[in-house]
1. Read through the list (1) open to solvent by 100 Å² or more (accessible area, probe 1.4 Å); (2) of a type in the set (D, E, K, R); (3) at pLDDT 95 or above, then give the number of the only condition that D53 fails.
2. Return the residues of the range 138-180 that are at pLDDT below 85 and crowded, with 19+ Cβ neighbours inside 10 Å; say none if nothing qualifies.
3. When you check K25 against the structure, is it open to solvent by 100 Å² or more (accessible area, probe 1.4 Å), modelled with pLDDT of 95 or more and of a type outside the set (S, T, Y), yes or no?
4. Any chance you could count how many residues in the range 74-116 are at pLDDT 95 or above and among the small types (G, A, S)?
5. Considering only residues of the range 125-137 that are open to solvent by 50 Å² or more (accessible area, probe 1.4 Å) and of a type outside the set (A, V, I, L, M), which is nearest to D109 (Cα to Cα)?
6. Give the range 23-78 a look and list any residue that's under 19 Å from A161 (Cβ atoms) and of a type in the set (A, V, I, L, M), or say none.
Amino acid sequence: MKKTLLICLTCLAISPAFAQRKEHKKRVTVAPGLRAGLNISNLNNSNGDSKKDFYLGLQLPIKFAKFYTLQPEFNYSRQGSKNFVPAYDFGFKGARNYDDLKLNYVGIDVINKFTFGKFNIQVGPGLAVLTESASIVDNDIDLTFNIGMGIDITKNFGIEARFKQGTIPVTELGYSRDFYRGTGDYQYNQTFQVGAYFKF
């Protein structure tokens, strides 16, 4: 009788600990961190050269499952184009070039990260607000689509590469605030990022 009672008490003591351990395994985890690296950016239809600069951001990965993490980000991104030809100068004789078109953005990205071992695929939308630009820019915001991949080097450190495509035109060909609005093509941000991330 005493032996049976002892076994029952032992089982009762172990069961909550085991249940708590299983619950801990299923618990959502949050690991804030930083991301930074190199931007290689340009605008399509600009006849310009790629501009090299940097990006810097805060990230808040929320791990819901072993294979899925939702990662909100707040980023500062320095973009633009070198030797940029403004839209309204197209077709004009002696069109001038801008040595360096600066398009600096702050924004929020919502990245869906799918993990396969040490590798991850990153995809998601973003909203960016212009903080510095030339007067020829027609839109101060940009909606972006991001796609990329990363590799975890350690538990807290990894490297990544990402392509960011703008969906709101920066300028329209044949148009400026001082000229007739044309119906030509558009100039969109296109940015390739390569860098690293660190989780605390």
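1. (1)
2. Passing the criteria: T171, E172, L173, Y175.
3. For K25, the condition - open to solvent by 100 Å² or more (accessible area, probe 1.4 Å), modelled with pLDDT of 95 or more and of a type outside the set (S, T, Y) - is not met.
4. Residues meeting the conditions: 2.
5. The extreme case among them is P125.
6. L34, A36, L38, I40, L56
The values are calculated or read from the model by the stated rules, or taken from the named source; none is laboratory data. Keep in mind that what you see is a predicted model, and the values were worked out from it rather than measured. With ideal geometry, Cβ positions are generated from the backbone for all residues, glycine too; neighbour counts draw on all protein chains shown. Ligands, DNA and RNA are excluded from the accessible area calculation, which covers all protein heavy atoms including side chains. Shrake-Rupley method; radii C 1.70, N 1.55, O 1.52, S 1.80 Å.
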